[in-house]
Amino acid sequence: MTRIAARPTTSGKVRDLYDLGDRMILVTTDRISAFDTILPSLVPGKGIVLNALTKFWMRQFQDLVPHHILSDDPLEYPAPFCDAAEELLGRSVLVRKAEVFPFECVVRGYLTGSGWKDYVKSGAVSGVALPPGLVLSERLATPIFTPTTKSEAGHDLPVSFEEMQKSLGADAAALRDLSLALFARASAIAAGRGILIADTKFEFGRIDGSITLIDEVLTPDSSRFWKADRYQPGKPQESYDKQYVREYLLSQQFEGDGEPPTLPEEVVAKTAALYREILIILTGDAQALENTGDLNS
C-alpha cells in the first residue's frame, strides 16, 4: 500500500485534513475518541464506515441543503493523493473549503447522555426547559436544538441558542431550523429500518454565500442509534454507536481526565462490528463496505 506523500495540514480527533487552497482532502482514520479524548486504540474499518454513512446521508439531504463533497474517487484527486488511491479509497473525500460556523448543531429527540445529566441537575438541557418527571431515555415531545462550541482538541461546551444567536445573528435561526429538518428526515428514514435516532450533531459552513452541510453526518461517532423493538424508557438502551466504548471507559474510571486506557481486543472487535452493522441497517446495503465510490449513485 502506498503511503500519502504529504503531511496533514491539521489532524482532528478522527480526521486528517489536507489543505489544497480552495479545496481540501478529508481522510477519515480508524482513530476513536471518547469524552473529547483520542484513545490509544484503533478500530479497524471504522473510518470507512463513517465515510460511507456520511455520503449516504448527504445524498438523502441534497434537496434540503448542499454539501461540500466534490469527489470520493481518489483517482480524481490531485497529486500526490491520486498516487495513494488504494490507501484513500473508501475513507476520503475531496471537498470545497467552507467558512465553518464555530458551533456544533446538536439535536436531541430523546433524553440521554449529557442531556439527561443536565436535566437531572436543572430541569433543562442547554437552557431549554423540559417538563418535570421525565425519565432516562424518554422520547421528547418535540426534538430540541442544543448547540455546543466546536473544538478540534479539548472539550466542546454547551451554549444556549441565545448565546449562539449573539455570535451568528440571523444565521443561528437558519442553522437551528435546518438541523431540525435534517433530524426529522433522518429519523423517518431510520424508523423505517427499525432504528431510533436519539440525538446527533451537524456541522455547517458557508460556501459561495450558501449554508452548506460539512464534515461527518449521522455516524455512530456523532449520533446515538437505538433498536426500536428493544426501546424501553427509564433505562439505558441497546445502541449501535460509541456508547459501548464510553461504558467500558467508565468501568475503568476514565471520563476524559488523565491518560486514557487502551481498549481490550474484545471491545475493539465489538465496536467494529456494531459500526459495520448500523451501516448495513441504515443503508439497506449488505455490500455497503465494498461500495466505496458511490457518492452520486
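Each value in this text was obtained by applying a stated rule to the coordinates, not by laboratory testing. The structure presented is a predicted model; accordingly, all values stated were derived computationally and were not measured. Quick reminder, even Gly has a Cβ in these numbers, built from the backbone with ideal geometry, and neighbours come from all protein chains shown.
Taken over the stretch 219-266, the criterion of being surrounded by fewer than 18 Cβ atoms within 10 Å (Cβ to Cβ), touching a residue at least 12 places away in the same chain (Cβ under 8 Å) and among the aliphatic types (A, V, I, L, M) is satisfied by Ala228 alone.
Considering the conditions (1) among the hydroxyl-bearing types (Ser, Thr, Tyr); (2) surrounded by 21 or more Cβ atoms within 10 Å (Cβ to Cβ); (3) closer than 25 Å to Ala172 by Cα, Ser114 is excluded by exactly one of them, (2). Of the helices (runs of 4 or more DSSP H) lying entirely inside the stretch 19-133, those containing at least 3 residues that are more than 24 Å from Pro236 (Cβ to Cβ) span 46-60, 85-88. Within the stretch 48-60, one or more residues are more than 19 Å from Ser210 (Cβ to Cβ) and either over 15 Å from the mean Cα position of the chain (by Cα) or of a type in the set (Gly, Ala, Ser) (or both).
Checking each residue in the stretch 207-230 for being touching a strand residue (DSSP E or B) at 6+ places or on another chain (Cβ under 6 Å) and more than 26 Å from Val14 (Cα to Cα) picks out only Ala228. Just a yes or no: is a residue in the stretch 194-203 touching a residue at least 60 places away in the same chain (Cβ under 8 Å) and touching a His at 6+ places or on another chain (Cβ under 6 Å)? No, the stretch 194-203 contains no residue that is touching a residue at least 60 places away in the same chain (Cβ under 8 Å) and touching a His at 6+ places or on another chain (Cβ under 6 Å).
Just wondering, is there one or more residues in the stretch 236-247 that are among the hydroxyl-bearing types (Ser, Thr, Tyr) and not in a helix (DSSP H, G or I)? The answer is yes, given that some residue of the stretch 236-247 is among the hydroxyl-bearing types (Ser, Thr, Tyr) and not in a helix (DSSP H, G or I). Look at Ala141 and say whether it is touching a Gly at 6+ places or on another chain (Cβ under 8 Å), farther than 18 Å from Leu218 by Cα and without any contact (Cβ under 8 Å) to a residue 24 or more places away in the chain. No: the conditions fail for Ala141.
When Phe183, Phe204 are screened for being part of a strand (DSSP E or B), of a type in the set (Phe, Trp, Tyr) and at negative phi, only Phe204 passes.
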